[in-house]
Ligand code: ARG
């Protein structure tokens, strides 16, 4: 019997708890042996499996298959499983009961969150992502941070965490000497109005070239920087102007991508706190002077001891990227009560964040305060056809805006061949959703640690692990429900065929998938899940007539279609990808 019929059950956790109880008397001396239960890759062997018997047998020198048999005898899982088997060297394989799966499908169908269970103890997670630099176009280097950060924010929020997103804009630094000099001497007001960031890039380049040739100009650039740093009102005004104009242009891209931040706090926001941060770290004995600069050495950390120290104040008194990050860390802990801070930046900043984590831990320890957990969410590069980081033909980094434009125009061609009957407005909408969705999906479906090769044809393909394939699967299901008599009359889910069973069992794993993502912050687990879902749906749809079936099977199949569509839509939404009703 199903004991709590109307509750959403965490199947993996329930099986893991039963397993822990069953192994109590056989447990090894090492209580840390992880007794996890994972979904089976190949459903012929079972739905979930555990290697617990093998792990315990190893540490207690028992026969693993024999131990598995003893554990199975003690297992109390009859409420959810009808068969538990030993496989191979001692795996324990669980087969879910069909009535249990049907029951869960009913619960999920009635759940407004489509089975995305909330976490038991919500925490405050700050996600620092995108964070481009002022006066420069956002380029493909920012694309992964922006897409990954946005997806992670949506997923962590959906399961009930308190999430704060922040755009840590690079709006301070020595580049402003050249920018301000250029602004004062070579500004083209028409270009500024038309395309501010392009104009700032031009000003920077021009001043840079001239200052290399002319020492007087170099001197002028230095003076402007010193004036800015010492609070000269006119230079502050120009700096502010450059920041505001850049941000407005970034905003257009964020709007287009439907990305919002709770806070946009540039590096400059922390400037007033920097002298205090350095003073405090010195007083606590965490930082000290070396050759005129103030540095943090990591003598007690074997991995970091060999690296260059973290410089937090230069000999000329200037502060650095690291100083700002220490101040920002403190601010997020104190003001936002962060339990965890995720930094979504590329793998090249690994040393910086390792040092930041170690320095911040020492700092908070000395202050007797709990430090938020720092997680660096790294990612690899996007490669061009030559397997080198992708560039334009002239060797410049590709601008994010150009990439978005091209995605939409290529998707338009796809829409026009696929469905020429759509109205112009519908085509435009479809091209936008498919183009931007394909770009986001291509990025998110990669294991983020790895580099990937950018390929327009692959990411826009209607077959395979792509956004167009998933959006199309969704559209196809929606078209079933446009038929007048496609009504679900109620009743139970009936999993009569292998295809219905496979689809049903996959549908009840949506919540588990989201929870699995929280462990390592890898959104590709969700894209993989959704792709599998679409494939399982398509097998079901090929083999099981829906509208032509007799009741009550007809209603059950329609309900499977409906739940699949909802799960696809919800899953894509958590990745920041829209769906279409027609295509
Ligand atoms: N502005 C930096 C860049 O473009 C990224 C900043 C990441 N966030 C941080 N808190 N350091 O590389």
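Every number in this text was worked out from the coordinates using simple rules, so none of it is lab data. If you're wondering where the values come from, they're calculated on a predicted model, not measured in any experiment. When we count neighbours, we look across all protein chains shown, and the Cβ atoms used for this are built from the backbone with ideal geometry, even at glycine.
Shown is the FRET efficiency for residue 255 and residue 402, computed with R0 = 25 Å from the Cβ-Cβ distance and rounded to the nearest 0.05: 0.90. From least to most packed, judged by other beta carbons within 10 angstrom and beginning with the fewest, 101, 11, 17 follow the order 17, 101, 11.
In the distance distribution for region 304-366, Cα-Cα pairs more than 14 Å apart total 63 percent. Here residue 222 and residue 573 are evaluated by their C-beta separation; at R0 = 35 Å the FRET efficiency comes out at 0.10.
Please give the Cα centre distance for region 206-245 versus region 66-126, rounded to the nearest Å. Each part's Cα centre sits 63 Å from the other's. Taking the number of Cβ atoms within 10 Å of each Cβ as an exposure proxy, the fewest-first ranking of 244, 471 is 244, 471.
For region 237-305, the ratio of Cα radius of gyration to the globular rule of thumb 2.2 N^0.38 Å stands at 1.71. Residue exposure proxy: 393, 14, ordered by other Cβ atoms within 10 angstrom of their Cβ from fewest to most, comes out as 393, 14. Value of Rg to Rh for region 161-253, rounded to two decimals, is 1.04; Kirkwood radius and Rg both from alpha-carbon coordinates. Projected over every direction and averaged, the convex hull enclosing the alpha-carbon atoms of region 260-389 yields 10.1 nm². Put simply, region 40-152 fits an ellipsoid with semi-axes of 43, 23, 14 Å; these come from the alpha carbon gyration tensor as the roots of five times its eigenvalues, largest first.
From largest to smallest, the equivalent ellipsoid semi-axes obtained for the chain from the alpha-carbon gyration tensor read 50, 34, 18 Å. For the chain, the longest principal axis of the Cα atoms and the long axis of helix 424-444 meet at an angle of about 90 degrees.
Kirkwood analysis of region 335-461, using all unique Cα-Cα pairs, places the hydrodynamic radius at 17.7 Å. Considering only beta bridges that DSSP places wholly inside the chain, some 50 percent are antiparallel. Each of residue 212 and residue 314 was given a label point 7 Å from its Cα along the Cα-to-Cβ line. The distance between the two points is 2.0 nm. Taking a ≥ b ≥ c as the square roots of the eigenvalues of the Cα gyration tensor, region 103-155 is classed as prolate, since a/c reaches at least 1.5 and a/b is larger than b/c. One equal scatterer on each Cα of region 428-583, no solvent, Debye formula: the resulting log10 I(q)/I(0) at q = 0.14, 0.21 Å⁻¹ is -0.70, -1.33. Calculated translational diffusion coefficient of region 111-211 (10 °C, 1.306 mPa s; Stokes-Einstein with Kirkwood radius over alpha-carbon pairs) equals 97 µm²/s.
When the square roots of the Cα gyration tensor eigenvalues are ordered a ≥ b ≥ c, the ratio a/c for region 532-574 is 1.5 or more and a/b does not exceed b/c, which makes its shape oblate. Relative to the longest principal axis of the Cα atoms of the chain, helix 498-507 runs at roughly 40 degrees. Need one word for region 430-496: rounded, prolate or oblate. Basis is the Cα gyration tensor (sqrt eigenvalues a ≥ b ≥ c); a/c below 1.5 gives rounded, then a/b vs b/c decides. Cα axes put region 430-496 in the prolate bin. Ellipticity at 222 nm from helices only: DSSP H runs of n ≥ 4 in the chain, each -39500 (n - 2.57), divided by the residue count, give -17000 deg cm²/dmol.
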